[in-house]
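First the structure, in the form of structure tokens, and then the observations on it.
Laboratory data are not the source of any read-out in this text; all were calculated from the coordinates shown. These numbers were taken from a predicted model, which means no experiment stands behind them. Every residue, glycine as well, gets a Cβ built from its backbone with ideal geometry; the counts of neighbours run over all protein chains shown.
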Amino acid sequence: MGDVTRTRARRFRQAASALLVGLCLSTAFAERPLIGFYVGERSPGPGLSAITVPGSGKQLFVTDSPALDLGAIDAVEAIEADDPDTVGIELILSDAGVKALGDTTRAALGKHLVLMLGEEVVEAFPIEVAIAVKRFRLRGIPRASVEGILSTLTAQ
């Protein structure tokens with residue numbers, strides 16, 4: 001890798017990390033916490049709101065309060081993306097966050113774990129086993145989604 005490419009990669013990581021830290025520290029976003037893990041139900045019910053899973057168009061139903069929120073996260077790190085239209089992040093959970101994630105997923109086997117940034121659904125996947133991991137890596141988050149959240153925050 002050449003010096004110019006390394007410099008660009010380092011600048012991307014720094015800019016993305018600054019953006020994510022800014023997003024995580026802001027408390028001025030919409031109705032939902034800025035980052036939240038939710039349990040997704042397949043059927044509507046009292047206190048549940050409909051969301052649409054990107055890519056599949058599948059509809060799930062989640063509560064307004066996450067099972068885990070920003071308090072469960074110790075750090076957020078940017079991951080360099082191959083595609084210029086996407087970004088990647090790695091969420092590093094606190095010890096309490098790891099336990100809460102394990103307890104939540106153990107109790108929700110057969111449902112879906114949904115990660116949301118504010119009102120934006122980032123990812124949803126079936127819970128097949130209890131998940132108790134320290135590092136949670138996501139790739140392919142549309143850059144426009146993150147930029148949209150940032151523009152909403154800076155407009156307030």
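By the gyration tensor of its Cα atoms, with a ≥ b ≥ c the square roots of the eigenvalues, what is the shape of segment 50-128: rounded for a/c under 1.5, prolate for a/b over b/c, or oblate? Provide the component values of the computation, followed by the final result.
On the way: a/c = 1.82, a/b = 1.08, b/c = 1.69.
In terms of gyration-tensor shape, oblate.
Can you give the FRET efficiency for SER49 and PHE125, using 1/(1 + (r/R0)^6), R0 = 25 Å, r = Cβ-Cβ distance, to the nearest 0.05?
Details: r = 19 Å, r/R0 = 0.76.
Using R0 = 25 Å, I get an efficiency of 0.85.
Quick one: 3J(HN,Hα) in Hz for segment 94-103, Karplus 6.51/-1.76/1.60 with θ = phi - 60°, rounded, Gly and Pro as x.
6, 4, 5, x, 4, 5, 5, 5, x, 5
Name the aspartates and glutamates eligible as straight-distance cross-link partners of LYS134: C-alpha to C-alpha under 17 Å, and not fewer than 8 places from it in the same chain.
In chain and number order, the partners are ASP69, ASP74, GLU77, GLU90, ASP95, ASP103.
With each pseudo-label sitting 7 Å past Cα toward Cβ, what's the ALA132-ASP82 distance in nm, one decimal?
3.4
For GLU90 and ALA144, compute 0.36 nm times the residue count separating them, minus their Cα-Cα distance, and round to one decimal in nm.
Additional length available on full extension: 17.6 nm.
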